[in-house]
Amino acid sequence: MFWRRAAKKSEDIYSPRNYYEILEVPKNASQDDLKKGYRKAAMKHHPDKGGDPEKFKELAHAYEVLSDPEKRGIYDQYGEDGVKQRQRKGEDVIYHLKVSLEELYNGASKKVSFTHNRICSKCKGTGKSTKRKQDHRSCHKCKGDKVVGKEKTLLVHVEKGMRNRQRITFIGEANEAPDTIAGDFTGDPVTFVLDGLGMPMYQRPSVKGKLYVHFTVELA
């Protein structure tokens, strides 16, 4: 993935299309379930077999979004509009979050602090002085940069059973810029990549190894 901005609990969040219904799978479907649902529906609606080409394109798009963990997370939280907004130009901010094997197995919550750019509240992102006779001068708050750095603390939730290198994404918590699209999804995403510390090594528990252990067994 991480803390998350609250989303409206409404069935209309997926309006006008529900990607899960398009693939005929439940919202908690696994990646294997998504693949099976897509293949089954694609065979049924393939244009070469008399199916509707537009329906086939819709299936492909739904699968393309839900098969990507990051896009799926955005869709689950913000619906189709969130996916569209995510496709705009902008840079992601990625942090690596170290987690123990125990935390991956049992789940955990971690506070993470970082600094992100916010549009200057004084000049509203123009970089210029707000005084009439000094509009040719730089804003005294942001020094003409149009943005100011602010510290942000997020509560990242590592859910039970999450995997090493899995990502948790939060929309609108990265850097803002004056030309960012306005609206509910203003700002680029912050993504946390889980870095598993691995299994404690035998006789040296302070040293972490890989997530598996080799044993040599002698057969009598």
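What follows is calculated from the coordinates using simple rules that are stated; it is not laboratory data. Since this is a predicted model, take the numbers as computed values, not measurements. Here the Cβ positions follow ideal geometry from the backbone for every residue, glycine too, while neighbour counts run over all protein chains shown.
Placing a label point 7 Å from the Cα of L155 along the Cα-to-Cβ direction, the residues of segment 101-135 with a backbone N closer than 15 Å are 108-113. A full extension of the chain between E24 and D195 corresponds to an added length of 58.2 nm, given 0.36 nm per residue minus the alpha carbon distance.
In terms of other Cβ atoms within 10 Å, D76, D195 run from fewest to most in the order D195, D76. Summing charges over all other residues whose Cβ lies under 12 Å from the Cβ of T153, with Lys and Arg as +1 and Asp and Glu as -1, gives +2. Ordered by the count of other Cβ atoms within 10 Å of each Cβ, fewest first, H96, H116, H61 give H96, H61, H116.
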